[in-house]
Amino acid sequence: MGDTRRKAAAHLSSLPLPTEPASWRSPVRGVRFTAVLGVVLLAGLTLMFVTGLFSYAAYNPGLAAVNDKTPDKGLLGFYLFDWPTGPHWLYRLNQGVHVTLGIVLVPVLLAKLWSVVPKLFRLPPARSVGHALERLSLLLLVGGALFEFLTGLLNIQLEYVFPGSFYPLHFYGAWVFFAAFAAHTALKLPRALRVLRAGIPPGEKDELASPDPAEPTVSRRGALAMVGTGSLLLLLTSAGRSFDPLRKTALLTPRGGADPGPGPNGFQINKTAAKAGIVPADTGERWRLTVVGPAGEIRLSREQLAAMAQFSAALPIACVEGWSTSDQWWRGVRLRDLAGLAGYGDDAPGVLVESLQRSGPFRTVALRDNQVRDGRSLLALGVNGEALSMDHGYPARVIVPAAPGVMNTKWVTRLTFGEL
Ligand SMILES: Nc1nc2c(c(=O)[nH]1)N[C@H]1C(S)=C(S)[C@@H](COP(=O)(O)O)O[C@H]1N2
Ligand SMILES: [Mo]
């Protein structure tokens, strides 16, 4: 026994340390392999950053404190623009791309890290001040990328794993990551493109290739094909969450809530009425909608709302978590008509929407004037030819074109126009 243990220890101590380049022997590593993955990530992560910023702008964070998930963003809020109401599938597309890319790029990101991992161990840690800064930026780059992917993936897989804090984490993390990513791109892209176009010039060294390569078990092309196949499999098992007929194929991303069952109300439910603590006493005969504006406080029963002019709009529900429904036919009262009732004309202002749900993160939201004025924005009483089900927000819910799911408040009890 003692002998075996001694032998094992001797073997271990004879192994080269990860800080020695020669200990990394895969013949797949090399500038070309890394450059291919790097260019894919450059395109993919840039698109993720942009769709991520858009997604945040879509929350109207500048409008009211109830919408602002990252107060104190200071300068980082410079780009926030007024989110439009068309095309009506805008947020569905934006968020579908953002989240699907975040899943599909995982194998590419891991392969890219694997391809450069010997460099991360290299000693001395810093040869000069410039080198020290470069390595520090790599720490932010790698740490930032892992952090953003992990927080995003956890958020779409688990319900409320970061109660209230996902947005600041993911938002500030994105800026740290992207700053390091931009610096890294500026440093590395010229060489990557040159190598991809013309190969490594004779006489120049491939600084990522192993100095002592082992026998190949797979070609570089084969290794890239493996990464690509991994991404394709992830795409096929996750993208279905945005398309009704394919929903069953979304094995990896089952979110979208309870089983909605069949019929006109048979589409994704995020939070059920039971989970939100909505009880029949709140939504029965005694329910009233309170509309507040210069005309005072007006209380309307469901019958009175149903007696107003009814309009229809075909709009999807598109959640920040990336799942969405196809267009559903919503029917109800236009928000701008309710603004009219509250005392406004064509210049209707924004509105503060409140749910009778007593607690939880999405019980209240502020909508901008362009959203109130759009004729497709409804306080819906029904969907697909039937009254709303309890789980979809009975007696009344908001539905707004091109907006994130969180803006489509369910179980609405109060609309305050103008004062946000
Ligand atoms: N009152 C209330 N409204 C709400 C929510 C909520 O938790 N409470 N969730 C929002 C979110 S995050 C989404 S994606 C949509 C989902 O609507 P659905 O369950 O009808 O599909 O409802 C929104 N409206
Ligand atoms: Mo959502």
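Please go through (1) within 13 Å of ligand 1 (Cβ to nearest atom); (2) within 19 Å of Asp337 (Cα to Cα); (3) buried (at least 22 other Cβ atoms within 10 Å of the Cβ) for Ser377 and return the number of the only condition it doesn't satisfy.
Against the list (1) within 13 Å of ligand 1 (Cβ to nearest atom); (2) within 19 Å of Asp337 (Cα to Cα); (3) buried (at least 22 other Cβ atoms within 10 Å of the Cβ), Ser377 comes up short only on (1).
Being farther than 12 Å from Asn408 by Cβ and within 10 Å of ligand 1 (Cβ to nearest atom) is the filter here; which residues of the range 321-331 pass it?
Quick first cut of the range 321-331, residues farther than 12 Å from Asn408 by Cβ only: 321-323, 326-327, 329, 331.
Answer for the range 321-331, where residues must be farther than 12 Å from Asn408 by Cβ and within 10 Å of ligand 1 (Cβ to nearest atom): Glu321, Trp323.
Matching residues to (1) open to solvent by less than 40 Å² (accessible area, probe 1.4 Å); (2) on the phi > 0 side of the Ramachandran plot; (3) under 18 Å from the mean Cα position of the chain (by Cα); (4) outside the structural domain of Gly62 (by TED's automatic domain parsing):
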{"residue": "Leu80", "(1), (2), (3), (4)": "no, no, yes, no"}
{"residue": "Trp83", "(1), (2), (3), (4)": "yes, no, yes, no"}
{"residue": "Gln95", "(1), (2), (3), (4)": "yes, no, yes, no"}
{"residue": "Leu101", "(1), (2), (3), (4)": "yes, no, yes, no"}
{"residue": "Val104", "(1), (2), (3), (4)": "yes, no, yes, no"}
{"residue": "Ser115", "(1), (2), (3), (4)": "yes, no, no, no"}
{"residue": "Arg122", "(1), (2), (3), (4)": "no, no, no, no"}
{"residue": "Pro125", "(1), (2), (3), (4)": "no, no, no, no"}
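Output the qualifying pairs, or none if there are none: Cβ atoms under 6 angstrom, residues six or more apart or on different chains, first residue in the range 383-394 and free of Cβ contacts under 8 Å to residues at least 60 places away in the same chain and under 18 Å from Ser355 (Cβ atoms), second residue crowded, with 17+ Cβ neighbours inside 10 Å and among the basic types (Lys, Arg).
Gly393/Lys410
Condition check ((1) more than 16 Å from ligand 2 (Cβ to nearest atom); (2) open to solvent by less than 30 Å² (accessible area, probe 1.4 Å); (3) among the hydrophobic types (A, V, I, L, M, F, W, C); (4) at positive phi) across all residues:
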residue	(1), (2), (3), (4)
Ala274	yes, no, yes, no
Arg286	yes, no, no, no
Ala295	yes, no, yes, no
Ala306	yes, no, yes, no
Trp330	yes, yes, yes, no
Leu335	yes, yes, yes, no
Arg358	yes, no, no, no
Asn370	yes, no, no, no
Arg373	yes, no, no, no
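Just need a number here: residues in the range 338-356 that are in contact (Cβ under 8 Å) with a residue 24 or more places away in the chain and either in contact with a helix residue (DSSP H, G or I) (Cβ under 9 Å, 6 or more places away or on another chain) or open to solvent by less than 30 Å² (accessible area, probe 1.4 Å) (or both). Show your work before the answer.
Just the residues of the range 338-356 that are in contact (Cβ under 8 Å) with a residue 24 or more places away in the chain, to begin with: 338-339, 341-344, 346, 348-356.
Subset that is either in contact with a helix residue (DSSP H, G or I) (Cβ under 9 Å, 6 or more places away or on another chain) or open to solvent by less than 30 Å² (accessible area, probe 1.4 Å) (or both): 338-339, 342, 344, 346, 348-351, 353, 355-356.
Of the residues in that region, 12 qualify.
How about the range 348-420: which strands (runs of 3 or more DSSP E) wholly inside it have at least 2 residues that are of a type outside the set (A, V, I, L, M, F, W, C), at pLDDT 95 or above and closer than 21 Å to Ile298 by Cβ?
Working: elements: 351-355, 364-367, 378-383, 397-399, 412-417.
Where strands (runs of 3 or more DSSP E) fall fully within the range 348-420 and carry at least 2 residues being of a type outside the set (A, V, I, L, M, F, W, C), at pLDDT 95 or above and closer than 21 Å to Ile298 by Cβ, they are 351-355, 412-417.
The values are calculated or read from the model by the stated rules, or taken from the named source; none is laboratory data. Treat the numbers as computed from the prediction; the structure is a model and nothing was measured. Counting neighbours? That spans all protein chains shown, and the Cβs are built from the backbone with ideal geometry, glycine included. Note: accessible area is taken over every heavy atom of the protein model, side chains too, but ligands, DNA and RNA are not part of it. Shrake-Rupley method; radii C 1.70, N 1.55, O 1.52, S 1.80 Å.
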